[in-house]
Amino acid sequence: MSQSLSRRHFLSLSATTIGGIALSTSMTGCAISSSSTDTLSDIDFSHGVASGDPLKDAVILWTRALPKDNRSNASLAWELSTDKSFTNIIRSGVVLASESRDYTVKVDVQELSPATEYFYRFKGRTQTSTVGRTKTLPVNDPQQIKFVVVSCSNYPAGYFNAYQEAAKTPDLDAVLHLGDYIYEYDAKGYATERAAEIGREFADDNLGELLTLKDYRNRYAIYRTDEGLAALHAAAPFIAVWDDHEVMNDTWSAGGENHNLGEGDFFERRAAAIQAYYEWLPIRPPKGELQPHIYRTFDFGKLLSLHMLDTRVIGRDQQLNYADYMDKQTKQMDTSRFIADLYDDNRSLLGKEQFSWLANSLKDSQAKWQLLGQQVLMGKMHIPAVMLGNLGKQDSAALTKKLTIIKSRLLAGEALTPQEQSLINTVLPYNLDAWDGYPAEREKLYAEAAKLGKKLVVVAGDTHNAWTSQLTDKAGGIVGVEFATPAVTSPGVETYLKLDEQGAMQTAQALTLLIDDLQYCDLRQRGYLALEISESGINANWTFIDNILSTEYQVTNTHTVNYSV
């Protein structure tokens, strides 16, 4: 290589851009010199920094670089160091932020050391971003892996204090974000009742429902101003998947509940949503940024294989709806047609391609733990059918109490009348949007895991409440366990059912009794889940906070489950 080769030419050789992501190898230079900074732009780093999709030798670095002179692009530098003071800068480079990508920048730093903590920052001409911490995956067997699991952060509903608290977790390996990172509703939609009062209104250019690329980009921009979200992104690499609201409510492969007449083409809207997601999240899409594929595996030595799934966009058949099986005149349910449709062997949540990938990933993994990171509850949430049409009604508490008394008597060995047996044994799935709405494919997954001799550990979001369920197949065999994280701010079951604090606690106790596989639930608090995974077992710990209406909060209580096989 000629010694007269300019630094700029050198950087162009050692950092290429593929699909909007700048690739950096170990050829890239070290500290940025003062002369190099003269060519950089004046930049506003108003949306923080982030890292994500760590591998044993690579990680994505992210920021948004808004040029102060409103130009269509901006030149900025990045640095990676082994220490927070940046006395040992091992990698650096210069990249371009363009208006075509909403001024977001992603650098895929490669040829790094495994199981190593790094610190990174970005620079403009005279500006320096906040410092972020990231970490690569281990190759050898780690003694412990520590995750934070989060989902469902609704900006107008409140402040992201759960993120702020989670960011304090020491020695964090990664944050698993299970979706609903943003919500698509307009300024007077879901969970906006107190937005003006608490200072969480949308900007004037983002008051409507999200339909276009500009709409989705602007929504991410306001979410990323939250201090708690910024702190968590800076604390550890994210491994993220979307749920439905990054696109629209109850998204499926060819539509969504919140896509209506007059809102344009569904697939154009979905493409805009996915483009904005790829721009604003530190993700490395496995098939590139032009494809809606986000399912992928991360291996933490032989301790853990993490399989991140997409249960929304790529393969889901449309959700069933109980209302479609009710006779409008007689109000009677066509049970036989419902059961036939529900248990249709061809009905899919993952799609054939993703299911085949997951089966092969489970087969190829040599790790002890198989962790599925996904959106919706996998455990069976079958409640007495008589409760289903009574939820939220004035006499629902009395009915729930009656059913719990009957179930308690049964568990105590008392004989029940045929009518009592029917009341508690005639059950239906509570949520057809979850895996309960796709039971045949769930059984196929359970059978695949059992054939391979592998127990599943599943984490879920979506419901806005905390849950622990034993995972059982149709024969009653135990195939694993599920831990579900509460929402960061989105209202939960307690809001839908109009429960006060005491009512929520009583209902939670009743559900754990009435639902056979449910072992724990909390129906009243916002927070997050933390997992500590070792060879001997998994420690699942829920942290709950007392307030989302301001940035002042306290941890109210925690709950812990220890799991081993």
Report, ordered by chain and residue number, the aspartates and glutamates lying within cross-link reach of K302, taken as a straight Cα distance under 18 Å and ignoring same-chain residues fewer than 8 apart.
D57, D141, D173, D364, E532, E535
By how many nm would the segment from D546 to L411 grow when fully extended, if each residue of separation counts as 0.36 nm and the alpha-carbon distance is taken off?
45.1 nm
Using the structure shown, list the pairs from K168/K498; K84/K368; K352/K474; K56/K352; K106/K444; K380/K454 with a Cα-Cα distance above 27 Å, or answer none.
K168/K498; K84/K368; K56/K352; K106/K444
Computed from the beta carbon distance with a Förster radius of 22 Å, FRET efficiency for S336 and T426 to the nearest 0.05 stands at 0.90
Going from most exposed to least, what order do I339, I21 have by accessible area with a 1.4 Å probe?
I339, I21
Label zone at D327 (point 7 Å along Cα-to-Cβ), backbone N below 20 Å, the range 379-421:
386, 389
For E193 and H293 in one chain, what is 0.36 nm times their gap in residues minus the Cα-Cα distance, to one decimal in nm?
32.5 nm
Which value, in debye to the nearest 20, gives the size of the charge dipole of the chain about its Cα centre, when Lys and Arg are +1 and Asp and Glu are -1 at the Cβ?
1060 debye
What spacing in nm lies between the two simple spin-label points modelled at S564 and T116, each 7 Å away from Cα in the Cβ direction?
3.5 nm
A447: net charge of surrounding residues, Cβ under 14 Å, Lys/Arg +1, Asp/Glu -1, itself excluded?
+2
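Charges at C-beta only: +1 for Lys and Arg, -1 for Asp and Glu. How large is the resulting dipole of the range 307-351 about its Cα centre, in Debye rounded to 20?
160 debye
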Of G124, T558, Q144, which is farthest on the positive side of the dipole of the chain, counting Cα position, with +1 on Lys and Arg Cβ, -1 on Asp and Glu Cβ, and the Cα centre as origin?
Q144
The range 21-166: C-alpha gyration tensor shape, a/c 1.5 cut-off, then a/b vs b/c:
oblate
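By average Cβ neighbour count within 10 Å, what is the ranking of 208-219, 143-154 from highest down?
Descending mean neighbour count gives 143-154, 208-219.
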Dividing the mean separation of Cα pairs under 8 Å (6+ apart) by the residue count of the range 314-401 yields a relative contact order in percent of 25 percent
Cα lying deepest toward the dipole's positive end in the chain, options I538, F300, H177, charges on Cβ
F300
Pairwise FRET efficiency - A271 versus D204, Cβ, R0 = 30 Å, nearest 0.05
0.70
Charge dipole of the range 318-438 about the Cα centre (unit charges at C-beta), most positive-ward option of M381, A359, A412
A412
For labels at L388 and E227 in the simple 7 Å Cα→Cβ model, what's the distance in nm?
4.7 nm
Between the range 278-339 and the range 120-190, how far is it from one alpha carbon centroid to the other, in angstrom?
23 Å
Measure off 7 Å from each Cα along the Cα-to-Cβ vector at L452 and K402, then give the distance between these two points in nanometres to one decimal.
4.7 nm
Give the calculated FRET efficiency between D42 and N88 to the nearest 0.05, with a Förster radius of 25 Å applied to their Cβ-Cβ distance.
0.35
If you count the DSSP beta bridges with both ends in the chain, what percent of them are antiparallel, to the nearest 5?
75 percent
Magnitude of the Cβ-charge dipole (Lys and Arg +1, Asp and Glu -1) of the range 42-141 about the Cα centre, nearest 20 debye, reported as 240 debye
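The values are calculated or read from the model by the stated rules, or taken from the named source; none is laboratory data. Remember, it's a predicted structure, so these values are computed and weren't measured experimentally. Heads up, the Cβs are rebuilt from the backbone with ideal geometry, glycines too, and the neighbour counts pull from every protein chain shown. Note: accessible area is taken over every heavy atom of the protein model, side chains too, but ligands, DNA and RNA are not part of it. Shrake-Rupley method; radii C 1.70, N 1.55, O 1.52, S 1.80 Å.
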